[in-house]
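The values are calculated or read from the model by the stated rules, or taken from the named source; none is laboratory data. What you are looking at is a predicted structure, and each value in this text was computed from that prediction instead of being measured. For neighbour counting, all protein chains shown are included, and Cβ atoms are generated from backbone atoms with ideal geometry for every residue, glycine included.
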Amino acid sequence: MDRRKTTPTEPNGRKNKTMPEVIFNGPEGRLEGRYQPGKEPNAPIAIVLHPHPQFGGTMNNQIVYNLFYMFAERGFAVLRFNSRGVGRSQGMFDHGIGELSDAAAALDWLQVINRESRGCWIAGFSFGAWIGMQLLMRRPEVEGFISVAPPENLYDFSFLAPCPSSGLIIHGDKDRVAPPSSVQKLVDKLKTQKGITIEQQTVEGANHFFEGKIDELTTRSADYLDRRREEIAAGGGR
């Protein structure tokens, strides 16, 4: 659960860059987002999913913004958006069912305008990590994911049977919303599956919102993304 709103800031104190606003159709009406086109026509794509909307989660959450910028900095065509009932997005909160449909619509939109794209990633924070991992199960084209503080203790993750892609699960050791023991339970379950690699990283001193630790979270996520993409390019599979 995500109880506070945050103002987006870039890593290392850089000024916030304006990304183009977009409106696209979702299952319950218009959804608003911010989109950064890729640097090349065949650039990989990524979506970043925000935390729980009833606890202040929006696409402007600091963690969401920084992950968005991380992908954009690496040439991805990347989208973050407000799910139904958040900001100017139409509809009402639907306890994860509708939000998953919104995420699928967002990925559809991103793929339509990036038909030549090579590679697809999903990232999400807290509630957004839960939604993202459900979307991962439905979309075989996704080659990797970054799951930040997945709340295994609050939501059912049993759908990950098996997990279809390798990815990073990163969390704080001071997290009281998604305690380390519950995250470890999820990691242990996924690590038993063959053919994929689940990397777990723990940020020391970080709470659920990574207060004072967002730069470290972003750096670790970026390092993983760079390394994993090199492995995939070298034929490392999923």
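Restricted to the stretch 192-230, and to residues there that are over 20 Å from the mean Cα position of the chain (by Cα) and modelled with pLDDT under 95, the residue that is surrounded by the fewest Cβ atoms within 10 Å (Cβ to Cβ) is Lys194.
Taking the criterion of being more than 25 Å from Asp175 (Cα to Cα), of a type in the set (S, T, N, Q) and at pLDDT 95 or above, the residues of the stretch 1-54 that qualify are Asn25, Gln36, Asn42. When the stretch 88-101 is filtered for residues that are in contact with a strand residue (DSSP E or B) (Cβ under 9 Å, 6 or more places away or on another chain) and within 16 Å of Gln54 (Cα to Cα), the ones remaining, listed by number, are Arg88, Ser89, Gln90, Gly91, Gly98, Glu99.
Restricting the search to strands (runs of 3 or more DSSP E) fully inside the stretch 138-238 and requiring at least 1 residues that are of a type outside the set (A, V, I, L, M) and over 20 Å from Phe76 (Cβ atoms) gives 167-172, 198-203. Going by the conditions given, is Val86 of a type in the set (Val, Ile, Thr), farther than 20 Å from Phe209 by Cα and not in a helix (DSSP H, G or I)? Considered against the rule, which asks whether it is of a type in the set (Val, Ile, Thr), farther than 20 Å from Phe209 by Cα and not in a helix (DSSP H, G or I), Val86 comes out as no.
Taken together, the residues in the stretch 155-185 that are out of contact with any helix residue (DSSP H, G or I) (no Cβ under 8 Å at 6 or more places or on another chain), among the aliphatic types (A, V, I, L, M) and at pLDDT 95 or above amount to 3.
Here Glu116 meets each of (1) surrounded by fewer than 24 Cβ atoms within 10 Å (Cβ to Cβ); (2) within 20 Å of Arg228 (Cα to Cα) with one exception, condition (2). When the stretch 48-83 is limited to residues that are out of contact with any strand residue (DSSP E or B) (no Cβ under 6 Å at 6 or more places or on another chain), on the phi < 0 side of the Ramachandran plot and assigned to a loop (DSSP other than H, G, I, E, B), the one that is surrounded by the most Cβ atoms within 10 Å (Cβ to Cβ) turns out to be Ser83.
No other residue among Phe125, Phe81 is in contact with a Gly (Cβ under 6 Å, 6 or more places away or on another chain) and either hydrophobic (A, V, I, L, M, F, W, C) or within 22 Å of Ile169 (Cα to Cα) (or both) apart from Phe81.
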